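To keep things clear, I will list the structure first and then write my remarks on it.
No lab work stands behind these numbers, since they all come straight from the coordinates. Small disclaimer: the values here were computed from a predicted structure and weren't measured. Please note: Cβ atoms are built from the backbone with ideal geometry, for glycine as well, and neighbour counts cover all protein chains shown.
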Amino acid sequence: MLDTLVAAPLQSTGTLVAAAAFPALTWVTLVVWVYLDAVARGSDHPVRSTATVAVFPLALVAYVYYRPERTSPQSDRERLALTVLLALLAAMMAGTVFSPPDVFAQPRNTFGALLALLPLFYLIVYREGPDATDAEPSS
């Protein structure tokens, strides 16, 4: 009986770490993407925009609406950050919606959804490669 009481918290520690890691990783990825996007758009204050979104995540809506026009094409780092951010957000939603109401199953299912969604969002974000042009081939 004592073994069962001691083992239960140890089993749940990994689940709690995984449950806290997904939102934390999503927040860090969001902050990185905002910074890279602000720099690519020639923002006067990319650090201020990044800090605002880091402290008040709902400020992302205002940032996306009021950000300046892009001055350079998307870099590979920016595409990677966007791919991971979208996959993490979708995996957290899928893990929440499709998991049973079990605190141990939700992080496991969220991680499984991330593994399935990461290649999908890679294809979506990278569908036009860095060499893609709008010109039609001549015949």
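Relative contact order of region 2-125: what whole-number percent is it, with Cα pairs under 8 angstrom and at least 6 residues apart?
Reported relative contact order: 26 percent.
Considering the options A62, F111, F121, tell which one lies farthest towards the positive end of the dipole of region 2-125, charges being +1 on Lys and Arg and -1 on Asp and Glu at the Cβ, about the Cα centre.
A62
For the ranges 31-44, 63-76, what's the packing order if you count other beta-carbon atoms within 10 Å of each residue, average per peptide, and put the highest first?
My ranking of the peptides, most packed first, is 31-44, 63-76.
Can you run the Rg to Rh ratio on region 42-123? Use alpha carbon positions and the Kirkwood inverse-distance Rh.
Values: Rg = 16.0 Å, Rh = 14.8 Å.
Result: Rg/Rh = 1.08.
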